[in-house]
C-alpha cells in the first residue's frame, strides 16, 4: 500500500472541493481575513495595541506562561509559545515591545480547546515579549525579556 499516493489524492480532493466552493462564490477572499484586526497589527505602542484588541489595562497573571529563548541568535526566527491555564481562555496575543508593529501574532481559541499556542516571530532587537490572554471576558498579561544577537526586522 502506497500511503504517499493516498495522502496526495486526499489533499488533491480537498483542494478540488475548495476550488469548487470558491468558483461558486460560497467562499470569498474576504472570509479568510474576517478575523484580521488591522488596527491592532498597525499599532506602534503598547497602549494603542492593547486598546485595539479591547484589553485596556490587563492584570498580571501567573497562570499565563511564555516559552521563548533567553537569547535568540537570529531575530528573524524566534520561537515563542504561550500557555494559559486560565479557564475559558478565548484569545491569545503575542506582542513585542520594540518591534515596528507591536502585535506579532494573535489567536482565537475555540471553546473546549487547550490554550497552548506556538509560533515563530521576528524581533528587531532585544525586547520584552508580552503574552496577552482573554479568559472569561477579562484580560491578563505576562512578559519575558528576549535578548537578540542578530536583528530580524530589517536590522
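Sorting 120, 5 by the number of Cβ atoms found within 10 Å of their own Cβ, with the fewest placed first, yields 5, 120.
In terms of surrounding Cβ atoms within a 10 Å radius of their Cβ, 94, 71, 66 rank from fewest to most as 71, 66, 94. Residues in the range 49-74, backbone N under 13 Å from the label point at residue 128 (7 Å along the Cα-to-beta-carbon vector): list them, ranges by number please. Backbone N within reach: 58-61. Neighbour counts of C-beta atoms inside 10 Å place 140, 91 in the sequence 91, 140, starting with the fewest. Express the Stokes-Einstein translational diffusion coefficient of the range 35-148 in µm² s⁻¹, to the nearest whole number, given a Kirkwood radius over alpha-carbon pairs, 20 °C and a viscosity of 1.002 mPa s. Translational diffusion coefficient: 154 µm²/s.
Each reported figure results from applying straightforward, stated rules to the coordinates on display, with no laboratory input. Just so it is clear, the structure is predicted and the values come from calculations on it, not from any experiment. Ideal geometry is used to build each Cβ from the backbone, glycine not excepted, and the neighbour counts take in all protein chains shown.
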